[in-house]
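Report on the structure given below.
The values are calculated or read from the model by the stated rules, or taken from the named source; none is laboratory data. The structure presented is a predicted model; accordingly, all values stated were derived computationally and were not measured. FYI the Cβ positions are ideal-geometry reconstructions off the backbone, even for glycines, and counts take in every protein chain you see.
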């Protein structure tokens, strides 16, 4: 990424709940919106792009639901897959 692109990223909102930091980010350069999630206890992260027709604040408040809807693999989802494959 160029310095111009990095400086064009703006944090629109952030919240911290139960060790999860959720940030709503916007790129001035290309207009993209996404939600970045960091589990501060494990260091695991994922991001979800806000798609056309979606409300950014809905994605911000429900990132795991939108991640599942968009097929984004989250650390929690991967652990659940591992547990279910071992149990089978």
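Annotations
- Hits in segment 31-80 - residues which are surrounded by 13 or more Cβ atoms within 10 Å (Cβ to Cβ), within 15 Å of residue 15 (Cβ to Cβ) and at pLDDT below 95: 39, 64
- Residues of segment 1-30 classified as within 14 Å of residue 60 (Cβ to Cβ), over 13 Å from the mean Cα position of the chain (by Cα) and modelled with pLDDT under 95, total: 1
- Residues that are touching a helix residue (DSSP H, G or I) at 6+ places or on another chain (Cβ under 9 Å), closer than 17 Å to residue 46 by Cβ and loosely packed, with under 14 Cβ neighbours inside 10 Å, drawn from segment 15-30: 15
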